[in-house]
Every structure is written in C-alpha cells, then in structure tokens.
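Derivation of every value follows stated rules applied to the coordinates shown; laboratory data play no part. It should be emphasised that the depicted structure is a prediction, and the values quoted were computed from it without experimental measurement. For neighbour counting, all protein chains shown are included, and Cβ atoms are generated from backbone atoms with ideal geometry for every residue, glycine included.
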Amino acid sequence: MGGLITGVADWVIPGLLFVVLVLGFCRRIPVYETFVTGAQEGFEVAIKTIPYLVAMLVAISVFRASGAMDGVVYFLKPLLEPFGIPPEVLPHAVMRPLSGGAALGIATDIIRTHGPDSLLGCLVSTMQGTSDTTFYILSVYFGAIGVKHYRYAPVTGLLADVTTFLASVIIVGRTFG
C-alpha cells in the first residue's frame, strides 16, 4: 500500500500540469502567454510585498532581541500553569502569530529536547499545524492587495490563535497526557 501511495504522489503534480495544458489547448487558451502574464503579475506582487515583509521581520527581531518575548512568557507562566499548560510551549504560542519561521525554530528545539513522541512534542506539533501567522498575513497579504482598514481582522486572527492554542492543549492533553 505504501508503494502505491508513493507512486501516486510522485505523479500527482506532473499529472495535474498535464491536465491543465490539455484543457488549455482544448479551450484554445494561449497557455504559454497566459503563464508568462501570470508570472509577471506574481513578480509584481512579490515586489510590492517586500517592504511589508522587511518591516515585519525587523519588528520580530526587535521583539525577540529586546527580551520582550521572555517577559511575556514570564508574565503568563503563573496564570497558565494551574490549567495544565506547560510553560515550555509559551514561546511558541507567543511567536506563532508573528512568524512561522521563528515558531518552527522554537518547535524544532522543543521536539529536539523532549522528543517527537513526548507530550510537549505532540503539543507543539499540533499547535504548529493548527494555527497561522496572523500578523504575517495582515502585513504581507493585506499590504499586497492594498487593504488599509483591517477592522476586525487582527482581533479575529488572534482570537483564532488563542482558540487553536487552547484546543491543542485540551485535545493533546486528553489524547497523549
């Protein structure tokens, strides 16, 4: 069964590309020209997002280097320990809405230290997979399309992050605890 799945996985993307090319040809769409136009538009979007990305990366670096993240974790630790939330995952929970790369680094460190099958390893893996980088989305994606008034987007995104954090703690605690 594993060989069949691997064989199918190896051919999914080439097969999908072939289907797109055949459908484009059958519908008389200039496939190459359309691809080049899309690539050009994608490049323009990438250029527009660079200032937002740089600003976000600088802000995250300042947040971590200043010790503010450690301060937030120190402040939250006594509030969350009575609920069975391990303090080791707090840096990941704080960093995940800010930076996927930084959160992945923290998750990797926790997994390397405690093991992938440990409660902390399962918890941080679940948190990494169920939450998103709220501020990255707001700064890069919203900036790329020119959204100026976010309204409820930050509150909704952070509420979703807190919800996935609490759900991860409860579900992983009951399943693997």
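For the range 47-176, the dipole from Cβ point charges (+1 on Lys and Arg, -1 on Asp and Glu) about the Cα centre works out to 400 debye, to the nearest 20. Selection among T175, P82, Y52 by position relative to the dipole of the chain gives Y52 as farthest towards the positive end (Cβ unit charges, Cα centre). Counting other Cβ atoms within 10 Å as a rough exposure proxy, the listed residues I29, I111, I85 run I29, I111, I85 from fewest neighbours to most.
Backbone N atoms of the range 95-126 closer than 15 Å to the 7 Å Cα→Cβ label point of Y74 are not found in any residue. Qualifying trypsin sites (Lys or Arg not before Pro) in the range 100-177, where qualification requires a DSSP coil assignment and no more than 16 other C-beta atoms within 10 Å, comprise K148, R151. Highest mean packing comes first when the peptides 8-19, 51-62, 162-173 are listed by Cβ atoms within 10 Å, giving 162-173, 51-62, 8-19.
Using C-alpha pairs under 8 Å with a sequence gap of at least 6, the mean separation divided by the residue count of the chain gives a relative contact order of 20 percent. A Förster distance of 45 Å, applied to the separation of the beta-carbon atoms of I47 and S118, puts the FRET efficiency at 0.55. Maximal additional length on extending the L17-L159 stretch stands at 47.3 nm, based on 0.36 nm per residue less the C-alpha distance. Taking other Cβ atoms within 10 Å as a rough exposure proxy, C26, C122 sort from fewest to most as C26, C122. For the pair the range 143-172 / the range 1-55, the C-alpha centres are spaced 28 Å from each other. Around V73, what is the net charge, scoring Lys/Arg as +1 and Asp/Glu as -1 over all other residues with Cβ under 15 Å from its Cβ? Surrounding charge for V73 is -1. Computing FRET efficiency as 1/(1 + (r/R0)^6) for F142 and V58, where r is the C-beta to C-beta distance and R0 is 22 Å, gives about 0.80.
Share of pairwise Cα-Cα distances greater than 27 Å in the range 41-177 is 25 percent (whole percent).
To the nearest ten degrees, helix 31-65 and the longest principal axis of the Cα atoms of the chain are 20 degrees apart. On the basis of the beta-carbon distance and an R0 of 35 Å, D132 and I5 show a calculated FRET efficiency of 0.80.
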